[in-house]
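The values are calculated or read from the model by the stated rules, or taken from the named source; none is laboratory data. Here the structure is a predicted model, which is why all the values come from computation and not from measurement. Backbone-built Cβ (ideal geometry, glycine too); neighbour counts: all protein chains shown. Please note that ligands, DNA and RNA were not included when accessible areas were found on the heavy atoms of the full protein model with its side chains. Shrake-Rupley method; radii C 1.70, N 1.55, O 1.52, S 1.80 Å.
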Amino acid sequence: MSEARRGRRAGSAPTIYDVAREAGVAPSTVSRAFSRPGRVNAETAERIRAAAARMGYRTNPPARALSTGRSSMVALVIPDVTNPVYFDITRGAEDAAAEAGYTLLLADFRETGQLERKAIDRAVPAVEGLVLGGPRISDSAIRMAAKQRPTVILNRAVTGLPSVVIDNPRGIRRAAEHLGELGHQAITYLAGPEASWADGMRWRALREAGLELDLRVRRLGPYPPTLAGGLAAVDDVLRQPTTAVVAYNDLMAIGLMHGLQRARVPVPRQVSIVGFDNIFGSDFCTPALTTVAAPLRALGAAGVRRLLAQLGGA
């Protein structure tokens, strides 16, 4: 039995001090071998890894992050993990992180600003940077988070901070043009969360498109950005009849479609509905949903790559 094994209490997990004794090096050298391998001689690093493998030593990323500030982890904080719009965003972010040797930590705040702040506070000690995917907290709260860790924002612009956004105005303009070509003279917009920057951009873009295309526009809501939110809008739409609807997102559009069909309002013969995002499942409806396709996977990947560039000193 080696000296390191004799000196270690039976049943206890090996530490870097045990590995250092086994490999015949200083504990600081073991620490560097795992956290910054390029700064340790290749032969020494291999001896340390072999000693660690023999002893069953495993690194502790959160603990290393506290001491070195480097965990090889980044966090993606999103409003609702059950919303399919975040499936591709998450996959794109995960792919970009893995390509660079990073692990993606996913945090869901359930469309609640208070939970979002708590999620960020919990993530900060364990990660090197944050990607905020459609944050609902205030600009000042986002800036506070950015002071703690490098931060990139998706689908929202905050002055002075890096962000990646999709072209909301162009997407909404195409939706309005499509409905105008079908002969509609007025469009109703179903609004999403009040705290959503993208919702404000989409409503403003629709008003501008209405002026340019000579279409009347009106806004109903806000509603939750879910199937239930779309169903909740049915009564309002029936009280204020319309022939065309643009919804904040696909889930609301699908919920509205189902609700109108239950009320025996034929879609699209009596009401045309357009969603936004082209989520997984948008074509499972009958009829299939007309929607504005957003480059969601590219959005997530671009956010992580921009963050990693910051971490690299860009």
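How large is the Kirkwood hydrodynamic radius of the chain, counting all unique pairs of alpha carbons, in Å? Can you show the working numbers first?
On the way: mean 1/r = 0.0451 Å⁻¹.
Result for the chain stands at 22.2 Å.
For the chain, what does the relative contact order come out to in percent, with C-alpha contacts under 8 Å and a separation of six or more? All intermediate terms of the calculation are to be shown ahead of the outcome.
On the way: 553 pairs, mean separation 50.0, N = 314.
Taking the mean separation of contacting Cα pairs over the length of the chain, I get 16 percent.
Ratio of Rg to Rh for region 109-249: 1.06 [Cα atoms; Kirkwood radius as inverse mean 1/r over pairs]. Near the amide H of A244, within less than 5 Å, lie the amide hydrogens of T188, S272, all on another chain or at least 5 residues away, with H placed in the peptide plane.
Taking Cβ atoms as reference points and 11 Å as the exclusive limit, the residues near R173 contribute a net charge of -1, counting Lys and Arg as +1 and Asp and Glu as -1.
Relative to the longest principal axis of the Cα atoms of the chain, the long axis of helix 296-311 makes an angle of roughly 40 degrees.
How much FRET efficiency would the formula 1/(1 + (r/R0)^6) give for A309 and T286, where r is the Cβ-Cβ distance and R0 is 51 Å, rounded to 0.05?
The formula returns an efficiency of 0.70 here.
Take the chain with all the other protein chains still there, run a 1.4 Å probe, and you get 49 Å² of accessible area per residue.
By how many nm would the segment from K147 to K118 lengthen if fully extended, with 0.36 nm per residue of separation less the alpha-carbon distance?
On the way: separation 29, 0.36 × 29 = 10.44 nm, distance 1.59 nm.
Once the chain is fully extended between K147 and K118, it gains 8.9 nm.
Normalised by the number of residues in region 170-314, the average gap of Cα pairs under 8 Å and 6 or more apart makes the relative contact order 22 percent. Please list, in order, the residues from region 179-194 whose amide nitrogen is less than 13 Å from a point placed 7 Å along the Cα→Cβ vector of R218. Residues passing the 13 Å test: 186-190. A simple count of charges around S140, restricted to other residues whose Cβ falls under 12 Å of its Cβ and scoring Lys, Arg +1 and Asp, Glu -1, yields +2.
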